[in-house]
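Trainee: Quick one: structure below, then a few questions.
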């Protein structure tokens, strides 16, 4: 008896359902001949009675032709958009985060564009930087002790960027561009990840002088769908290139020789969609899988990166010759002097002198005119009578407006003391510009915030009032930098607020011209000393030492488990056999919601060594709850249990 064989495809379904996060076997019909792993297909899902999208991950031949298998319904495209290396990375990242691989792939593989696909030839010729560009890149890389060895050997490093501009681009952008140029000269691709579009534009300006334009591939949400798909297809080719983009660019399917992330402390690098993986964690997993060089560059150092440096996982790379900003501290005691209002005399005089020569940067905490108002009598926060939102003013003498519902409060009265008088409680960027414009008559005032984006200012006398993160570049650097509202920034209810403030202030100080003063107003303590001495890694080490006995991230990993009390209880019970410490679980505690049944939340703290076991156990609990919800009669068909690993500190 001759046993018949048949071709089968193992398919990953594009579905958010956790119980479908595995490979399914499908028979390949005879008419589908020219197919390769990674191709898009449509397959029947018998349990749902419909056809769903998917990707062929593996092809095989089996001898058991009698096994009941559904056939692949349609070959959507023969282009292998899911190479094996990308699937392995997505699988590893999803498993670490207790999520689905399809959720990771949805971030990197764009929707198919037929015209773009038909025009794609997949034969882009290899390019290399010019001899002059290679020399400039080598010169810049040599300014950092040990950086060349890290790049050439596929090492891992935390790099302190030189806080100075170079050829019209920030120093950090020139550093990444030089590193990518070195890799391209060696015939290898690079992935450069930055937080937002402003950083992306600055990186592009730094890449232009050192790389051929055809070697640069953008992975940007601002691109049109055809442009994004065209760029993705380019990353599938063997010809080396340099991929630049935001957080999801870390998954670009190139054969990377370098993955570099700028300013990993920026919250924009944390993915807001399930499974909520930070670009830093994805880059670490990718480097371990592929052996590429890995750089975390910044003016400051996050506690997450410092933990890896302390454990020897990352090298500490610094500039051979450090030219640091000149930071002047204006203490809270100086702010108590009768002549000091928002700016002490030392900062005021420095601003007056510098503004006569060129641009001066003044950083504030909030945009707008007066973001918040209080009662003039009892100082109680002014709230909207309709929704309870905070009241603010758009300009002096304006009717207060609610920041939530937008209603005006013409007849406001304090519910505590019945006063009808309001007082400005804080100054936004526009109010600060109004005040400084009167204090420095004849000097041009520029507002740079979310409502007034400014990319660059000329080397002319001006006062630039900018919110944190919106500071424009100045030709030749700022003649002085004044950091206002420091005490207000430090009061934010965030476990990492000191670390965040140090990052905001350091990035602003790095925009100063060589030798220009940087005045930090009204702040003292460890954060101020770290900025003044430019010892941000030491501050990160101290923060890490304080978190370690409390088992708070990043000293330990934290998982958030949320759902009905019964579902959360079953999930936590499944962790008992892992022998976690007695204080590993915090909660559950009830959540304020109208859900039925009521939802509760628990936190699970665990060491990195137990990460694989904890994530797989919690993922199994999610799948079990999803299957039970589907089989249940008279109950909701939607699972009530959600699990999220490595949550950001503000959410704690």
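Trainee: What list do you get for 330, 564 if you sort them by fewest beta carbons within 10 Å?
Mentor: 564, 330
Trainee: Once Rh is set to the Kirkwood radius over Cα pairs, what Stokes-Einstein translational diffusion coefficient, in µm²/s, holds for segment 6-80 at a temperature of 4 °C and a viscosity of 1.567 mPa s? Intermediate results must be reported in sequence, preceding the final value.
Mentor: Numbers: Rh = 12.4 Å.
After rounding, the answer is 105 µm²/s.
Trainee: Now, a different point. May I have the extent of the alpha carbons of segment 131-317 along their three principal axes, as whole Å values ordered from largest to smallest?
Mentor: 43, 43, 29
Trainee: Quick one: pull the percentage of alpha-carbon pairs in segment 133-229 with a separation above 19 Å.
Mentor: 41
Trainee: Next up: Which number do you get for Rg(Cα) / (2.2 N^0.38 Å) in segment 385-474?
Mentor: Here the answer is 1.36, to two decimals.
Trainee: For Cα pairs less than 8 Å apart in space and 6+ apart in sequence, what is the mean separation divided by the residue count of the chain, i.e. the relative contact order in percent?
Mentor: Details: 1343 pairs, mean separation 78.0, N = 652.
Result for the chain is 12 percent.
Trainee: Just need the Rg to Rh number for segment 326-546, please, alpha carbons only, Kirkwood Rh.
Mentor: 1.00
Trainee: Please give the FRET efficiency for residue 197 paired with residue 48, using the beta carbon to beta carbon distance and R0 = 41 Å, rounded to the nearest 0.05.
Mentor: On the way: r = 39 Å, r/R0 = 0.95.
Efficiency computed from Cβ-Cβ geometry: 0.60.
Trainee: Starting from the Kirkwood radius over alpha-carbon pairs of segment 557-651, derive D by Stokes-Einstein at 4 °C in a medium of 1.567 mPa s and give it in µm² s⁻¹.
Mentor: 94
Trainee: Quick check: convex hull over the Cα atoms of segment 70-124, volume per residue in Å³, rounded to an integer?
Mentor: Working: hull volume 6.8 nm³, N = 55.
Residue-normalised Cα hull volume stands at 124 Å³.
Trainee: Would you calculate, for the chain, the mean residue ellipticity at 222 nm contributed by helices, counting each DSSP H stretch of 4 or more residues as -39,500 (n - 2.57) and dividing by all residues, to the nearest 500?
Mentor: -9000 deg cm²/dmol
Trainee: Over the Cα atoms of the chain, each weighted equally, I'd like the Debye log10 I(q)/I(0) at q = 0.07, 0.09 Å⁻¹, rounded to two decimals.
Mentor: -0.55, -0.90
Trainee: Continuing with this model, one more query. Post the alpha-carbon centroid distance, segment 96-157 to segment 42-80, in whole angstrom.
Mentor: So the two Cα centres are separated by 32 Å.
Trainee: In addition: Provide Rg over Rh for segment 451-598; use the alpha carbon set for both Rg and the Kirkwood Rh (inverse mean inverse pair distance).
Mentor: That ratio equals 1.15.
Trainee: Based on the alpha carbons, how large is the Rg to Rh ratio for segment 420-537 when Rh follows Kirkwood?
Mentor: My calculation of the ratio gives 0.97.
Trainee: Also: So what does the Cα-only Debye profile of segment 379-421 read at q = 0.22, 0.28 Å⁻¹, as log10 I(q)/I(0), no solvent term?
Mentor: -0.68, -1.06
Trainee: Residue separation times 0.36 nm, minus the C-alpha to C-alpha distance between residue 612 and residue 132: what's the value?
Mentor: Values: separation 480, 0.36 × 480 = 172.80 nm, distance 4.77 nm.
Net length gain for the segment: 168.0 nm.
Trainee: At R0 = 35 Å, how high is the FRET efficiency between residue 620 and residue 121 if r is their beta carbon distance? Nearest 0.05 is fine.
Mentor: Details: r = 45 Å, r/R0 = 1.29.
The pair residue 620/residue 121 has a calculated efficiency of 0.20.
Trainee: Subtracting the Cα-Cα distance from 0.36 nm times the residue separation, let me have the gained length for residue 85 to residue 548 in nm, one decimal. Working shown, then result.
Mentor: On the way: separation 463, 0.36 × 463 = 166.68 nm, distance 3.54 nm.
Result for the pair: 163.1 nm of gain on full extension.
Just so you know, all these numbers are worked out from the coordinates, no wet-lab data involved. Note that this is a predicted model, so its numbers are computed, not measured. Cβ: placed from backbone, ideal geometry, glycine included. Neighbour counts: every protein chain shown.
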